[in-house]
Amino acid sequence: MDQIRTGKFIAERRRSEGLTQAELAEALGISDKTVSKWECGKGLPEVSLMLPLCERLHISVNDLLSGARVTEEDYRRRAEENLLSLVQENHENRKNFGLSLVCGIVTVIAVCALTALASFLELPAPVRVALLILAVATAAAGIGAAVLLDVRAGYFECPHCGALFVPTAGAYVKGLHTFTRRQLTCPECGKTGMCKKRLTRKN
């Protein structure tokens, strides 16, 4: 799915309907910043907003996902392409989540092994220090890689407005967390809460 193309299409249809971003946002019960984000190609409408948005812009969901009016002849082909695109996105999210877990496990094992070698083997002091430095570097690299993979693996769901969003790596690292939730600030409503990890856009 081409976010930029879809964003331009939303902007085009909004103007055709004689609406400002603020008026469209008010009709959907969201902020005008969210509409602006869509139109700039920086995000897609959440599943729960797609039907109301399409009704207000007098288009089909297939038009929205295609980023253009779909002719009768193209309708079935575009519908299949859009479905495959969503399936592919969900597959990539699951793959990144799995890689993140593997990366974290491998990092823990490597750091423990290096620390054990430095602690229990009879080694010259410089070698011991080098192993400890290597353990710290391995931990930093492994955690960094795991964070980047996990941030890319799906979305976080705001407990206040239900919006799905991808946080910045910095916000992700700083947020207090449990295994499935992380304290983040929602870019849609601006509230902070324990946001649930979601791998897909499905409700």
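The values are calculated or read from the model by the stated rules, or taken from the named source; none is laboratory data. Fair warning: this is a prediction, and the values are worked out from it, not measured in the lab. So basically every Cβ, Gly included, is an ideal-geometry build from the backbone, and we count neighbours across all protein chains shown.
So T200 ticks every box in (1) under 18 Å from N93 (Cβ atoms); (2) surrounded by 18 or more Cβ atoms within 10 Å (Cβ to Cβ); (3) touching a residue at least 60 places away in the same chain (Cβ under 8 Å) but one. Which box is left unticked? Exception for T200: condition (2). For segment 3-24, a residue qualifies if it is under 22 Å from the mean Cα position of the chain (by Cα) and among the small types (G, A, S), and exactly one does: G7.
Results for (1) free of Cβ contacts under 8 Å to residues at least 60 places away in the same chain; (2) not assigned by TED's automatic domain parsing to the domain that holds A25, shown as yes or no for each residue.
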site	(1), (2)
L44	yes, no
L51	yes, no
A79	yes, yes
L83	yes, yes
N90	no, yes
S100	yes, yes
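Answer yes or no: is there a residue in segment 63-78 that is assigned to a helix (DSSP H, G or I) and among the aromatic types (F, W, Y). Taking every residue of segment 63-78 in turn, at least one turns out to be assigned to a helix (DSSP H, G or I) and among the aromatic types (F, W, Y).
Would you please name the residue that is modelled with the lowest pLDDT, looking only at residues in segment 169-190 that are part of a loop (DSSP other than H, G, I, E, B) and surrounded by 14 or more Cβ atoms within 10 Å (Cβ to Cβ)? Explain how you work it out, then say what you get.
Looking only at segment 169-190, we keep the residues that are part of a loop (DSSP other than H, G, I, E, B), and these are 175-176, 178-180, 186-190.
Adding the requirement that they be surrounded by 14 or more Cβ atoms within 10 Å (Cβ to Cβ) leaves 175, 186-189.
Numbers: G175: 87, C186: 90, P187: 85, E188: 80, C189: 84.
Taking the candidates together, the pick is E188.
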